[in-house]
Amino acid sequence: MRGRLLVLLLAAAAGIGAPAAAAERYALLVGVSAMPALPRSAWLNGPRYDVPAMRSALLAQGFSATHIISLADGVDGATAPTRSAILAQLAQLGKTLRPDDVLVLYWSGHGLLMPGQPGVWQTPSGQQVHLLTRDARIDAHSRQLSGSISSADIGRTIDALAARQVHVVALFDSCYAAGSTRGDPGLAWRGLSSAALGWAPRPASLGGRRPASERADMPQPDSVVSPHERPLFIGFFAAEPQQRSAEALSSDYAGQARGIFTRALIAGLGDSPASYLAWASATNQHYREALDARQLPASARPSPVYAGTLEQALWTAAGAPVLWPVRQDGRGWYVPYGRLDGLQAGDLLQRGASTWRVTDVGWGEARLAVADSAATAGDGASRLLANTTLDGGSTGLQRTGVASTGGWASRLPANTAAASTASGGISAGASTVAILGRQGGARAVSVTLPGRSAVRLRLADKELPALRARAASIAALLALPSTAAAAPLLQARIEIQAPGQAAISLPFADRDLGPLTPGTRLRVVVENGGEDSVDAGIVHLPLSGPATRVFPPFEGDSNRLPPGTPVQISRFEREFEVTAQGAAGAPEWLALVAAPAVSGAMPRRFALLDALRSNLAAPAERGASLAAGHNPDQAQVARVSWRVATGGGQ
């Protein structure tokens, strides 16, 4: 994910930079088929076909031939994909690219999981991903691997480009091996175990370090352990970090890629998407169809990962309309998103002349009823959609004009009055911010949240809109039903150590910790001990200050927590300190939401994470990505609250 992974291999952070057209488009295409120093059984045949096919696809997108660099073996005119050649090209691009330039970073080849190094970002299962280059080898005497490029190597490059405001689009058709090869005689699997190379890497604590010749171009530890936000980053990855991706052993026509994910990427571009969300959705569909055709068992199917602010328009940092996928099954109309995604009863979804109203909302999906467009026009639906074009020009998804087919729809959230009317009373998620008067140069306000006593605060006039937005976000969180009676998706705990006291550990569940002394340290530990991936979000929500993300650590990072490996559990932890920066006595929350990750679907975009966005005044602009089929009606919600003590004791 960050300097860090690459499918998680980078799982990537994305920012919402200022809308601006990219100045120039560049691409670095890497394909590693042969590794002469490794057993021939470890070689691949597909990358030599993937790189020319991706080059042709980018040329069709308007990329200049002089701006596409190919490092691949077996490809006419391409440079050999050695470690030094790849790093040299990345370094050169880091010097020459300008703000708003686009760089497509494409990799086709083998990935290898290795023990993580101390002080360097690792996968949730404690490993690092290494991409093998043409000169990959295992030293006969030291038994060290050389000639690979690690997730940290790639991550440093992404961070440096992000600092220059370069728009990086990472496309990785490789994977990170664990387990034996399965399946179809027409497929070869990308991703190696060390055993496949006849090699057992030493654990990092026992001296399993990079060779000295490769440590020279590695930064000092201080620069490695401080990852940065990555504005404008987009990541498309063929598989989760514990999975393998596949390549076909033959082509159906001249010039066709062999990588199954690469084929899907190229087919998705052929659908003329206008946003990364539309491209990801189309890629997902083509990928799923290709895997279905191979009749692979569920256990052997890779699940792609997409990261970044996918709502950006393709090849720019400009936003695109964010839409919701309306579908139909035997029970009627539905959207494969629910409470955790911010949907509520009374919301309106509109596509062309068709309008649906949200009637019943579960954790994973919402049921819809066809609404009278004329009757709902007064609700503001027509005004919301006046500037939204539902055709290939805005979304990359063709409008059929037939309501019964469903499709991508815009959302008008229900306002408090509409929600109250629908439920026959006051909305459970309502918050009230009452102005009490002025005291000096500040306003005195009273904030009421569901199930809590009123809190009095003093703040400047300019801070009032932000307070209202925070109160609304917290109220929506508190209104979510408890999941305490259900089996947890994740094992989560919170460790608390007040100054001068022994640490205590409590389950991360709905609870109030009471007053905490400034200087108290809180440590969050979340583990996925199950067999399936889980999408999760953790946010710190103080009433008197801005929200802070805990997981994923950076905006745009994938919020998917994969299962662990047979030898190590998948784990995330974060430690922070209670401070007196907020108003004394004002409540704060640490909130966890989680949902099962549906195979082949993009990570859920939880409404809880909206509290971290700079523009909280436009909830209609937060949409959902396309998922496969139905989402399970299952979730995990935990809300831990406290307030900063006014005195010295806890």
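A simple spin-label model places pseudo-atoms 7 Å from Cα toward Cβ; at HIS67 and GLN256 they are separated by 3.1 nm. Put the Cα centre of the range 357-371 next to the Cα centre of the range 494-562 and the gap is 31 Å. Once the Cα-Cα distance is subtracted from the 0.36 nm per residue extended length, the ALA442 to ALA466 segment shows a gain of 7.2 nm. Surface composition of the range 460-536: carbon and sulfur make up 55 percent of the accessible area, probe 1.4 Å.
Label-to-label distance for GLU495 and LEU459 is 3.4 nm, based on points extended 7 Å past Cα in the beta-carbon direction. Kirkwood's formula applied to the C-alpha pairs of the range 442-588 gives a hydrodynamic radius of 17.4 angstrom.
Taken over the range 28-115, the alpha-carbon convex hull comes to 125 cubic angstrom per residue.
The values are calculated or read from the model by the stated rules, or taken from the named source; none is laboratory data. Computed from a predicted structure; not experimentally measured. When we count neighbours, we look across all protein chains shown, and the Cβ atoms used for this are built from the backbone with ideal geometry, even at glycine. Please note that ligands, DNA and RNA were not included when accessible areas were found on the heavy atoms of the full protein model with its side chains. Shrake-Rupley method; radii C 1.70, N 1.55, O 1.52, S 1.80 Å.
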